[in-house]
Amino acid sequence: MMTTFRKRGRDEKKSWLLASTLLNAALATAKLTWGWTMGSTLLIADGIHSLSDVFGALLIFLALHFANHRSERFPYGLHKLEDMAAVLGGLGILYAGYKIIHSVFFEEGIRTPGNVWPTVAFILLLVGVQILFYFFELKAAKRLDSPGVEADAVNWLGDIGAGLIVVIGLVAHQYGIPYAQEIAVVFIVLMIVKGAFDVLREGFLSLLDAADTEIYDKVRKIVMSEPDITGIKRLYVRKSGSVYFADIEVKVAELNTAKAHHSIDEVVQRLHRELPSLESVTIHYEPDRPPYLTVVKLLGPDRKTLSREFGRAGWLEIEHWKEGQELLGRKIVQNPALKVTKGKSFRLLAYLLSIHTDRIVIGAEKMDENVRELFDALNIDIKFEKDEL
């Protein structure tokens, strides 16, 4: 279900960018045709500017198309292409701002139609279409969390600004208002620069694998909400395009391997459910063991000699050793398995596991091979009477 959702999101991104490319191409053709017909230099320049945007939108569209490609060389896919395209799109936005400034302040001989009002009405109609598409595409970009779609949406500000400059220039020429066009250029270019800065910032941060504090806190909160997880040793969340990859290492209190796996699976499912932008989650876990070595001697009824029977040992001498053979503490407790009539060995084993036993010292020189294999599987050392601690 989650895979289908992510696939639908990628398809929607490509649909928006394809629609943007086709709309931009249609508007650019309309501007150039009208400009040549009516003899408007400003409109022809705006049409050329729109053509440059077509290539920018097409670039982002192609990046999204290949972003999910995986191979042995690119096991995570090519999602970074979306960030690269966003950066290139942001630079294109800055270049568009420069072209607007250059066309208004440095070019000479601007031709204006004899009757400006049909051209003004035509441009306002196109600007209205652009504004509608801009708001709808920007809303979709936020919902899809796509820097590529957002870059394309912000890029429409350049077209909208250029269109308004054409209108202001034509109207100002008609009424002889001085400096109106220059003032409008400054405001529009400031809007374009702000949009370009936001797009470039997000693109560069993603390319540099900068931490996303908000998504990091959400992932950490979800992981630590699982009762069996006692701590997080490592948590890396990296952004790639519009998706995230999480690499987590946790400590688990549960000694039962099957139950520990179940707890981890629950966390992974919840992460995907509450954070749909997570493309992949990898969780490594290890038992939450105390920072010392626990050695248990199985003693007989006299509390001195080592017992030769595992389940029937009368007393347990429990020692905690710090690394470097420093004794931290010692205590003697009665074998809790003596209280049961059957299954003494399993009851004692369960108790030893609950206190995180690392080594058992016993007096028997021989032990059932199945019991030995069980201790080996649990990573518990067994020392006989003749062995040294």
Of the candidates 237, 193, 186, the one satisfying the condition of being of a type outside the set (S, T, N, Q), on the phi < 0 side of the Ramachandran plot and at pLDDT 80 or above is 237
Yes/no for residue 300 being more than 24 Å from residue 252 (Cβ to Cβ) and without any contact (Cβ under 8 Å) to a residue 12 or more places away in the chain: no
Within the range 289-310, of all residues that are open to solvent by less than 50 Å² (accessible area, probe 1.4 Å) and not in a strand (DSSP E or B), the one nearest to residue 371 (Cα to Cα) is 310
In the range 19-44, anything of a type in the set (A, V, I, L, M), surrounded by fewer than 23 Cβ atoms within 10 Å (Cβ to Cβ) and at pLDDT below 80 is listed as 44
Of the residues in the range 132-141 that are aliphatic (A, V, I, L, M) and open to solvent by less than 10 Å² (accessible area, probe 1.4 Å), the one that is nearest to the chain's Cα centre (by Cα) is 141
Note: among 337, 313, just one is hydrophobic (A, V, I, L, M, F, W, C) and part of a loop (DSSP other than H, G, I, E, B), namely 313
Note: among 349, 327, just one is in a helix (DSSP H, G or I) and at pLDDT below 90, namely 349
Q: Kindly establish whether residue 84 is under 28 Å from residue 135 (Cβ atoms), modelled with pLDDT of 70 or more and surrounded by 15 or more Cβ atoms within 10 Å (Cβ to Cβ).
A: yes
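This table checks each residue for (1) under 17 Å from residue 245 (Cα atoms); (2) in contact with a helix residue (DSSP H, G or I) (Cβ under 8 Å, 6 or more places away or on another chain).
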residue: 272; (1), (2): yes, yes
residue: 285; (1), (2): no, yes
residue: 299; (1), (2): no, no
residue: 306; (1), (2): no, no
residue: 312; (1), (2): no, yes
residue: 315; (1), (2): no, no
TODO: Would you be able to say whether some residue in the range 316-327 is open to solvent by less than 70 Å² (accessible area, probe 1.4 Å), among the aromatic types (Phe, Trp, Tyr) and under 22 Å from residue 378 (Cβ atoms)?
DONE: yes
Output for Cβ contacts, cut-off 8 Å, separation at least six or different chains, first residue within 15 Å of residue 79 (Cα to Cα) in the range 221-244, second open to solvent by 30 Å² or more (accessible area, probe 1.4 Å) and among the aromatic types (Phe, Trp, Tyr), reads 237/216; 240/76
Over the range 142-160, the set of residues within 16 Å of residue 101 (Cβ to Cβ) and surrounded by 24 or more Cβ atoms within 10 Å (Cβ to Cβ) is 158, 159
Screening 347, 330 for residues that are open to solvent by 100 Å² or more (accessible area, probe 1.4 Å) and more than 20 Å from residue 374 (Cα to Cα) leaves only 330
Residue 254 vs (1) surrounded by fewer than 14 Cβ atoms within 10 Å (Cβ to Cβ); (2) at pLDDT below 80; (3) among the acidic types (Asp, Glu): all pass except (1)
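The values are calculated or read from the model by the stated rules, or taken from the named source; none is laboratory data. Everything numeric here is computed off the predicted structure, so don't read it as measured data. Cβ atoms come from the backbone with ideal geometry, glycine included; neighbour counts cover every protein chain shown. Surface areas here come from the heavy atoms of the whole protein model, side chains and all, with no ligands, DNA or RNA. Shrake-Rupley method; radii C 1.70, N 1.55, O 1.52, S 1.80 Å.
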